[in-house]
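S.K.: Dropping the structure in here first, questions after.
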Amino acid sequence: MKKVTGIGGIFFKCEDPDKLRAWYQEHLGVTPEEYGGVHFNWREMENPDRVGLTVWSLFRASTNYFDPSTKPFMINYRVENLDALLEELRKEGVWIDEKREDGEFGRFAWVMDPEGNRIELWEPPKETLGVG
């Protein structure tokens, strides 16, 4: 089974998200969307007609979105079959958050690696790779 197909997003904590977004925009040309994150669009190598995206987003240092991890970042990985992957990870003894999200942007679940890094697993909608 193919597990991870790519990076769906990179998220990290900071003291002042607005100030840091402005710095990234001014110095690196990283222009945020209305919600505050950035979409880096790309095309699938094997199927160039399919458009996807990788999200870059800042979170206030006090966020609990990364809990129970105490790390200042979280990586989102794209996966093809979330349920099968979670079943396999459970058999392997990986810590799996019971929380799930299913919505217009796809399906999400969270696990932690042995060093306490929270990992977001994302199965994009079948018709796209995540372009909303």
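The values are calculated or read from the model by the stated rules, or taken from the named source; none is laboratory data. These numbers come from a predicted model, not from an experiment. Counting neighbours? That spans all protein chains shown, and the Cβs are built from the backbone with ideal geometry, glycine included.
S.K.: Looking for whichever is modelled with pLDDT under 95, surrounded by 13 or more Cβ atoms within 10 Å (Cβ to Cβ) and not hydroxyl-bearing (S, T, Y) here; the options are G130, G36, G29, G103. Which one fits?
M.R.: Criteria check complete, one pass: G130.
S.K.: Residue by residue through the range 54-107, note down the ones that are under 13 Å from the mean Cα position of the chain (by Cα) and farther than 20 Å from Y35 by Cα.
M.R.: Y77, R78, V79
S.K.: Among the numbered criteria (1) farther than 17 Å from K126 by Cβ; (2) surrounded by 14 or more Cβ atoms within 10 Å (Cβ to Cβ); (3) charged (D, E, K, R), which single criterion is violated by D113?
M.R.: (2)
S.K.: Mind checking whether some residue in the range 63-84 is aliphatic (A, V, I, L, M), buried (at least 17 other Cβ atoms within 10 Å of the Cβ) and over 17 Å from I7 (Cβ atoms)?
M.R.: Checked against the condition, which is being aliphatic (A, V, I, L, M), buried (at least 17 other Cβ atoms within 10 Å of the Cβ) and over 17 Å from I7 (Cβ atoms), the range 63-84 yields no hits at all.
S.K.: I've got another one for you. Can you tell me which of (1) at pLDDT 95 or above; (2) surrounded by fewer than 17 Cβ atoms within 10 Å (Cβ to Cβ); (3) among the basic types (K, R) is the one R118 doesn't meet?
M.R.: So the condition that R118 fails would be (2).
S.K.: State whether one or more residues within the range 34-49 are in contact with a strand residue (DSSP E or B) (Cβ under 7 Å, 6 or more places away or on another chain), within 30 Å of W23 (Cα to Cα) and small (G, A, S).
M.R.: yes
S.K.: Could you count how many residues in the range 1-34 are more than 21 Å from M74 (Cα to Cα) and of a type in the set (S, T, Y)?
M.R.: Number of matching residues: 0.
S.K.: Could you tell me whether any residue of the range 5-12 is surrounded by 13 or more Cβ atoms within 10 Å (Cβ to Cβ), within 20 Å of W110 (Cβ to Cβ), touching a residue at least 60 places away in the same chain (Cβ under 8 Å) and of a type in the set (S, T, N, Q)?
M.R.: yes
S.K.: Then there is this: Just to confirm my filter: which strands (runs of 3 or more DSSP E) fall fully inside the range 1-98 and include at least 2 residues that are closer than 16 Å to L121 by Cα?
M.R.: 4-14, 51-60, 73-79
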